[in-house]
Amino acid sequence: MSSNSVQRRTARSRSRYTGESLLEAQVGVPRAKEDHGLDACTPQQQALRALLAVAVFNSDYLGAPPRDWGAHILNVYAFHLSPRFDDLHIVTDVPENVANRLILSGFEHEYRIPGMRAVCYGPDHTRFWHVPTGATFLVRSRGRAGMRLRCGLPCSGSWQAKDVPMLEHPMSSVERSEWGAVPPMSTSSLRLLSGLFTRMALRSPDRSWATAGWHFPPHDVPDAFPYQAGAGKMLWGSGDHWTLRWKGFPNPEFVATALTDPTIGMKSAEVKSVGEDLVVFYGSAQLRLVEENRSVLGSSEEVLKVLRSRKNPSLRGSRKRGLQAEP
């Protein structure tokens with residue numbers, strides 16, 4: 001079989017999970033390898049993606065200090081990810097809004113993610129450069145036009161905005177301090193957290209599970225936990241040991257499957273039940289998945305039982321056990 005045929009077949013399989021077009025997926029699939037490419041990247045990209053996981057998976061009352069960066073708001077937008085070997089595309093219908101959430105300074109902070117800079121900034125795409133990791137990524141609109149954008153310099157028509165730090169803007173002492181406060185990650189943890197981020201917007205072709213941007217569960221995925229606004233998330237740890245804590249969708253089994261699925265998961269990653277939680281093991285690293293409803297009730301089956309009983313007015317007493325679904 002030719003290398004092009006192998007790449008195309010693998011890209012087609014990948015796109016069924018990621019929501020990419022076939023052409024997008026082909027750009028990210030290594031040639032002549034039956035490797036989906038979600039984890040095939042430079043060390044710089046790996047470090048960036050692990051940092052983006054820490055930025056996005058900390059929010060509200062559960063969140064560790066990176067919640068103040070505000071990047072967690074990414075999950076309110078519809079998007080898909082297109083990881084490449086030395087690049088990462090966040091593809092959405094509202095690229096300006098998404099880009100602003102990742103870089104626009106707020107009332108209390110001069111930055112969002114420390115060290116994040118814009119190379120070019122416009123209505124249909126923004127090219128980011130992260131100074132500490134030396135990695136780049138692109139937020140762009142859907143369609144073929146932006147598939148191969150590199151933007152080493154500001155594009156024609158790139159905006160200039162005083163509250164958007166551009167590439168020539170040096171890191172402040174506050175940024176350097178917050179960047180230094182991000183806990184150290186082992187080699188295995190870097191790869192595992194990087195993989196967690198690149199799989200945050202998947203949906204299985206058979207609709208048995210989804211991560212779907214960690215927002216509202218798709219209607220065609222059965223037995224999905226409800227989205228619970230305001231509960232927050234926390235991704236924190238050090239070295240080989242990390243914990244991801246949240247409440248509601250996605251089910252912890254969905255997250256574990258995204259990381260260990262034989263088609264789209266991480267090679268050699270495995271999941272085990274440890275106490276009331278699921279733990280994903282990869283190399284020397286472990287990521288404990290703590291969905292709070294499951295931890296309280298003892299199993300996902302018990303959570304689903306409560307959800308089903310709430311549909312019956314005569315069984316509303318089960319609500320006392322703590323599951324609060326959003327309408």
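The values are calculated or read from the model by the stated rules, or taken from the named source; none is laboratory data. Keep in mind that what you see is a predicted model, and the values were worked out from it rather than measured. For neighbour counting, all protein chains shown are included, and Cβ atoms are generated from backbone atoms with ideal geometry for every residue, glycine included.
Please indicate, with yes or no, whether at least one residue in the stretch 244-252 is at positive phi and in contact with a strand residue (DSSP E or B) (Cβ under 8 Å, 6 or more places away or on another chain). For the stretch 244-252, residues at positive phi and in contact with a strand residue (DSSP E or B) (Cβ under 8 Å, 6 or more places away or on another chain): present.
For the stretch 248-280, name all the residues that are of a type in the set (A, V, I, L, M), over 16 Å from the mean Cα position of the chain (by Cα) and assigned to a loop (DSSP other than H, G, I, E, B). Once the filter is applied, which keeps residues that are of a type in the set (A, V, I, L, M), over 16 Å from the mean Cα position of the chain (by Cα) and assigned to a loop (DSSP other than H, G, I, E, B), the stretch 248-280 yields only A269. Kindly indicate the residue of the stretch 160-206 that is of a type in the set (K, R) and not assigned by TED's automatic domain parsing to the domain that holds L235 and also nearest to the chain's Cα centre (by Cα) among those meeting that condition. Applying the filter and picking the extreme gives R176.
Kindly indicate whether P226 is outside the structural domain of Y77 (by TED's automatic domain parsing) and modelled with pLDDT of 95 or more. Working first, answer last.
Numbers: outside the structural domain of Y77 (by TED's automatic domain parsing): yes; modelled with pLDDT of 95 or more: no.
Judged against the criteria, P226 is not a match.
Results for (1) modelled with pLDDT of 95 or more; (2) out of contact with any Ser or Thr (no Cβ under 6 Å at 6 or more places or on another chain), shown as yes or no for each residue.
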position	(1), (2)
G232	no, no
G237	yes, no
D240	yes, no
V274	no, yes
R319	no, yes
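Only a single criterion out of (1) at pLDDT below 95; (2) farther than 23 Å from V56 by Cα is not satisfied by P205, namely (1). Restricting attention to the stretch 104-123, the residues being at pLDDT 90 or above and touching an Asp or Glu at 6+ places or on another chain (Cβ under 7 Å) number 2. Residue pairs whose Cβ atoms lie under 6 Å apart, separated by 6 or more positions or on different chains, with the first residue in the stretch 220-238 and more than 18 Å from S59 (Cα to Cα) and the second among the aromatic types (F, W, Y), are A224/F249; F225/F249. Number of residues in the stretch 198-230 that are of a type outside the set (S, T, N, Q) and either touching a Gly at 6+ places or on another chain (Cβ under 6 Å) or assigned to a strand (DSSP E or B) (or both) equals 6. Looking at the structure I just gave you, is R148 part of a strand (DSSP E or B) and either over 26 Å from S177 (Cα atoms) or at pLDDT 90 or above (or both)? Answer is no for this residue.
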